[in-house]
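*Asks:* This is the structure, below, for whatever I ask next.
The values are calculated or read from the model by the stated rules, or taken from the named source; none is laboratory data. This is a predicted model, so every value here is computed, not measured. Neighbour counts are summed over all protein chains in view; Cβ atoms, including those assigned to glycine, are modelled from backbone coordinates with ideal geometry.
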Amino acid sequence: MNIIDTALPDVKILKPQVFTDGRGFFMETFRDGWFKENIADRTFVQENHSQSRKGVLRGLHYQTENTQGKLVRVVVGEVFDVAVDMREGSPTFGKWTGATLSAQNQYQLWIPEGFAHGFYVLSDTAEVVYKCTDYYKPEAEQVLIWNDPAIGIGWPLQTTPLLSPKDLAGKTWAQAEKFRLPLSR
C-alpha cells in the first residue's frame, strides 16, 4: 500500500498494490496493523455501501457526536470525493481537498474525524464502500451545503447535481457547527 499526500496533511490517498493476470486481479484493500501504524490508530466499527447514478452529489456530511473517520473506496464507476476541514484551530480549517476515486485506479481516501465528506458521481453509475470509526447517529448528522462560495469547492460538474432534500437544505459555512481541537474519540 502506498500513501499519497493531499492538500490537507491529515487526509490521505491510499494506493493498494494490485496484482493482475489473465484471470483478473487481486489486491489487499485493508490491513488493520498497517493502517494503525502508517495512517491512524483507529478501529472501524461500521461499513456502508451506496449506489448512485451519474450526476448525484451526496454530502457534505459529518456528525457532531460519534464523529466518524472514513476510509472510502469505489468498487464500481468513478466519483470525485471531497473532504472539508471543520476543526477550529487546525491550520487547514475551512479548506478542502478532493480526489478522483474509481474502480479502475483503486484509490482509497482516508478522511479523519472532524471533516465533512461528500462525493459527486462522474460515471453512469458508482458504488462507494466506506468504513467508519463510529456508528451512524442520525440525530447528530449535519450537512454542509455543497456549493458554499466561502469554501469554494471545485466540483467537476458535468450536469446540475442531483441532491437529496436533506443535502439541498445543508447549512452554509457560516451557519455550520464546527469542531474544536482536540477532538475526543
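*Asks:* Here's a check for you: in the stretch 19-42, which residue that is surrounded by 13 or more Cβ atoms within 10 Å (Cβ to Cβ) and among the β-branched types (Val, Ile, Thr) is farthest from Leu183 (Cα to Cα)?
*Replies:* Among those that are surrounded by 13 or more Cβ atoms within 10 Å (Cβ to Cβ) and among the β-branched types (Val, Ile, Thr), it is Thr29.
*Asks:* Name every residue in the stretch 161-185 that is under 16 Å from Gly118 (Cβ atoms) and either in contact (Cβ under 8 Å) with a residue 40 or more places away in the chain or part of a loop (DSSP other than H, G, I, E, B) (or both), in order of residue number.
*Replies:* Correct list: Pro161, Leu162, Leu163, Ser164, Asp167, Ala169, Gly170, Thr172, Trp173, Ala176.
*Asks:* Shifting gears a bit: Pick out the one residue from Ser50, Ser102 that is hydroxyl-bearing (Ser, Thr, Tyr) and more than 19 Å from Ser164 (Cβ to Cβ). Walk me through how you get there before you give the answer.
*Replies:* Numbers: Ser50 fails: more than 19 Å from Ser164 (Cβ to Cβ).
Among Ser50, Ser102, only Ser102 is hydroxyl-bearing (Ser, Thr, Tyr) and more than 19 Å from Ser164 (Cβ to Cβ).
*Asks:* Sticking with this structure for a sec: Quick check on my filter: what residues within the stretch 114-154 are of a type in the set (Phe, Trp, Tyr) and surrounded by 17 or more Cβ atoms within 10 Å (Cβ to Cβ)?
*Replies:* Step one: of the stretch 114-154, the residues of a type in the set (Phe, Trp, Tyr) are 115, 119-120, 130, 135-136, 146.
Residues satisfying the conditions are Phe115, Phe119, Tyr120, Tyr130, Trp146.
*Asks:* Related question: Does Glu65 qualify as being touching a Lys or Arg at 6+ places or on another chain (Cβ under 9 Å), of a type in the set (Asp, Glu), surrounded by fewer than 14 Cβ atoms within 10 Å (Cβ to Cβ) and assigned to a strand (DSSP E or B)?
*Replies:* Against the criterion (touching a Lys or Arg at 6+ places or on another chain (Cβ under 9 Å), of a type in the set (Asp, Glu), surrounded by fewer than 14 Cβ atoms within 10 Å (Cβ to Cβ) and assigned to a strand (DSSP E or B)), Glu65 does not qualify.
*Asks:* Would you mind finding the one in Leu122, Leu71, Leu101, Leu109 that is modelled with pLDDT of 95 or more and over 21 Å from Ile3 (Cβ atoms)? Break it down stepwise before answering.
*Replies:* On the way: Leu71 fails: over 21 Å from Ile3 (Cβ atoms); Leu101 fails: over 21 Å from Ile3 (Cβ atoms); Leu109 fails: over 21 Å from Ile3 (Cβ atoms).
Unique residue meeting the criteria: Leu122.
*Asks:* Could you please find all residues in the stretch 12-50 being of a type outside the set (Gly, Ala, Ser), free of Cβ contacts under 8 Å to residues at least 60 places away in the same chain and part of a loop (DSSP other than H, G, I, E, B)?
*Replies:* Those that are of a type outside the set (Gly, Ala, Ser), free of Cβ contacts under 8 Å to residues at least 60 places away in the same chain and part of a loop (DSSP other than H, G, I, E, B): Gln17, Arg23, Glu28, Arg31, Asp41.
*Asks:* While we're here: Say we look at the stretch 56-98 and pick out the residues that are of a type in the set (Lys, Arg) and out of contact with any helix residue (DSSP H, G or I) (no Cβ under 9 Å at 6 or more places or on another chain); which of these is farthest from Ala150 (Cα to Cα)? Full working, then the answer.
*Replies:* Step one: filter the stretch 56-98 for residues of a type in the set (Lys, Arg), giving 58, 70, 73, 87, 95.
Cutting the leftovers down to out of contact with any helix residue (DSSP H, G or I) (no Cβ under 9 Å at 6 or more places or on another chain) gives us 70, 73, 87, 95.
Details: Lys70: 24, Arg73: 28, Arg87: 16, Lys95: 10 Å.
So, considering only residues that are of a type in the set (Lys, Arg) and out of contact with any helix residue (DSSP H, G or I) (no Cβ under 9 Å at 6 or more places or on another chain), the one farthest from Ala150 (Cα to Cα) is Arg73.
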